[in-house]
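First the structure, in the form of structure tokens, and then the observations on it.
The values are calculated or read from the model by the stated rules, or taken from the named source; none is laboratory data. Quantities reported herein were computed from a predicted structural model and do not represent experimental measurements. We place every Cβ from the backbone using ideal geometry, glycine too, and count neighbours over all the protein chains shown. Heads up: the accessible areas ignore ligands, DNA and RNA and are worked out on the full protein's heavy atoms, side chains in. Shrake-Rupley method; radii C 1.70, N 1.55, O 1.52, S 1.80 Å.
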Amino acid sequence: MFCDQVAHSNVPTAMFFALGGIKESVIASFAVLGLEEALVLRDDLFQLACSNSRALESFVLDSLCWVIAVITKRAWVESSEQQRAAFVKTLCEDILQNNSPCIGIIVATYLIDEMAGGSKCSEFNLPWEFHYSCKVSFENTHMVCLFEAALKVMHRKLQKSMEMRGVPHGGGRTIAYERRSALHIADRVFSWPFTPQDASHTITTSFGHSRASAVKGSAGKGAPRQDLGEADDDDDDSHGNSGMAILDNSDQNRTPLFPQQWRSLLLDNDVINLFFSIYEATLNDQMHAFFSPGSSYIALQCMIQISGLRGKGLFAPDGSKDGDSVRAQYAQVIMQNQLQVIRHVCTMDLASDGSEDIVVAATQMVRRFIEAQLDEQPFTVVAGKQLHPLALLAAGVPETLEYFNETSKLICSLLQAAGGIVKSDNTNFVDDDLSDVDNYFVMQAFDELANAWSVIIVEIYEWAYLDNEPEAAYSNGSKATNGGDSGGLYTGQVDSRSALTSFMQFLSTTAYMIRSQYIQLRMLMCEDSVLTSDGHSEMQAIDHGLLAKDYVVYEDQLQFFALLARLDIRTSVDRLHESLRSRCSALQSEFARLERAIDSGSQRTIDLLHEQIHWIVLMIGYTLADSGTSERVLIPRQVTKYSKTCTSTEQDHTVQAILSMLQLLQFELSAPSPTVASYCSPLLAETLFWALRRIAPV
């Protein structure tokens, strides 16, 4: 009855509800319906969708394809392997035809969602083993076929767009608006939660959550992606979701661990280049003649995921000795493509809203790549020790130093863009409560790269400590004699100590630029805070300070600054102490002018000095003491080594900085008169106490 209503009805709403009845009936009465009848029903619905794809309303077509996917999953366990393969083959053939709309692509995306589980999976009221069996069978045998078919479609479309580039077209060209494209299949595959290859038989996702209808236009800027609804026609992830959605999606923190059968596809250089080339093609296809609106956003997500491929199943299946060579080749291709993206981003106006997606995605793919590479232990053995992952990159990928150099330039560009935003807000007198630069995407992108940079530095320090070579991480060192080399790539050409020492020296040269830009930004933000402050905002700042301290809110940034500062501890502490000393002297001069009643209008100057000294003290506190090593704050080895090289306390700027903080604290707490005392800063006094307790706990 329901099928007749779908086939012969001209009322879209009736067809939609009839399809819902079919879905619920199949789930509830599958045992009565039987396997063969269910498969016949599915095939009939599939033929109905293919023959009426252009005539059906979009929400009816989506619901129809969803019902096909639900029936397929419900019959999956009872079906034979030949029946499963035949239907997947039918989907692949329809995908390769790439009709518009492509029923094979729409059904495939819904089928992947159903098989994966989670919030997009229908409620079947069946045991957990049913979902597990469907998921394992689908991911081990059939999903790779759908992904390969999607790759072929994307490649053909990319070739066609490149052939037509520069060819003039008339105004009658139609926009290629696709309900779902091959990119949607790739995006879902890259987010697939693969089952662990062990005996635990665990699934990380949850089942049984009903679909929530996504209200069109309800997702504002920065909102996470909505779940697919029964009549959802916004699954193209177009302009409603900006780059902030990439940041907010917790499921994309790591690229899945793909099993061995995906190796030939994912590690193919042409496949990796394909996604980067598609993104470039979507930018050139401004008329959307080949790629539908929203394709660039999905391409960015795929670029992020493919930048973080990891696992021995891909790079070294069955303990193959060519794992390091394969990993180096993959890293080289990723670096080459990311270098083009980074250089493109550096030439953009980073403060514009239109650059948000690519800026955030570029920083995420860099972080994803770095963290994935550091997680993998190479097989190469030099001098009886396994080669460090960074040493493998330095030895096996010629673009390594260029890649990290361009990334450091991107970090500086983000800080410069943030400074430009602060200046623009001052010029336009934008409300400070609404224009905090730390809420802009450029600073969130900076945080991404800061985390990646911190991982690299900490990784080298930890390796040096565990290797019982603490000097290797911050001294010039000498190249160790290679002996007992075995296995892997580049045997006898490089060792971890020499490679990491050279790499740390390279980081030291770039760290000075980043530190300078960060200090300049913070000082500029202090000026902005004082310039735009009034009684109302000052009370809000006090309330905010009682609830969240700067040394807690900005802990990640300050720790990153401290790691960079310790790369060249002498220069860093010298500059910080000089900045602290000069501003303390200026503050005392202002207080002296107040006491002599020479100038009664220096409130803003005093507030500015207090604010700047506050941030300088925070930087000193994090630089001279490391809270990330143990439960108790410790003095880093770089600081103690530097102090040992100083012949006197006058030459030791760490001691001089501490003395300056003590003198400033005494000055703030012992104001000579009540008039001057009203100009003192309780926040600065609290920060000084925090820094001194941190450096010298009692």
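List of remarks:
- The condition of being aliphatic (A, V, I, L, M), part of a helix (DSSP H, G or I) and at pLDDT 85 or above holds for only one of Leu500, Leu546, Leu507, that being Leu507.
- Of the residues screened, Phe17 is one that is modelled with pLDDT of 85 or more and open to solvent by 90 Å² or more (accessible area, probe 1.4 Å).
- Looking across Glu139, Glu81, one residue alone is charged (D, E, K, R) and open to solvent by 50 Å² or more (accessible area, probe 1.4 Å). It is Glu81.
- Comparison of Ala362, Ala391 shows that the only residue that is modelled with pLDDT of 90 or more and open to solvent by less than 10 Å² (accessible area, probe 1.4 Å) is Ala362.
- Total residues in region 44-80, condition in contact (Cβ under 8 Å) with a residue 12 or more places away in the chain and either of a type in the set (S, T, N, Q) or in a helix (DSSP H, G or I) (or both): 25
- The set of residues from region 603-644 being hydroxyl-bearing (Ser, Thr, Tyr) and assigned to a loop (DSSP other than H, G, I, E, B) comprises Ser627, Thr629, Ser630.
Rundown of residues vs (1) surrounded by fewer than 23 Cβ atoms within 10 Å (Cβ to Cβ); (2) among the aromatic types (Phe, Trp, Tyr); (3) farther than 19 Å from Glu148 by Cβ, yes/no style:
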| residue | (1), (2), (3) |
| --- | --- |
| Lys89 | yes, no, no |
| Asp94 | yes, no, no |
| Gln97 | yes, no, no |
| Pro101 | yes, no, yes |
| Ile105 | no, no, no |
| Thr109 | no, no, no |
| Gly118 | yes, no, yes |
| Asn125 | yes, no, yes |
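- The residue of region 32-43 that is farthest from Gly20 (Cα to Cα), among those that are open to solvent by less than 50 Å² (accessible area, probe 1.4 Å) and part of a helix (DSSP H, G or I), is Leu35.
- In region 400-420, the qualifying residues are those that are open to solvent by less than 30 Å² (accessible area, probe 1.4 Å) and more than 20 Å from Ala361 (Cβ to Cβ), and the one that is modelled with the highest pLDDT is Thr400.
- Any hit, region 511-525, residues being crowded, with 22+ Cβ neighbours inside 10 Å, within 20 Å of Leu401 (Cα to Cα) and at pLDDT below 85: no
- Candidates Gln340, Gln377: the one that is in a loop (DSSP other than H, G, I, E, B), open to solvent by 20 Å² or more (accessible area, probe 1.4 Å) and polar (S, T, N, Q) is Gln377.
- For region 117-129, filtering for residues that are part of a helix (DSSP H, G or I) and either over 24 Å from the mean Cα position of the chain (by Cα) or modelled with pLDDT of 90 or more (or both) leaves 2.
- Some residue of region 301-321 being touching a His at 6+ places or on another chain (Cβ under 9 Å) and within 24 Å of Pro101 (Cβ to Cβ): no
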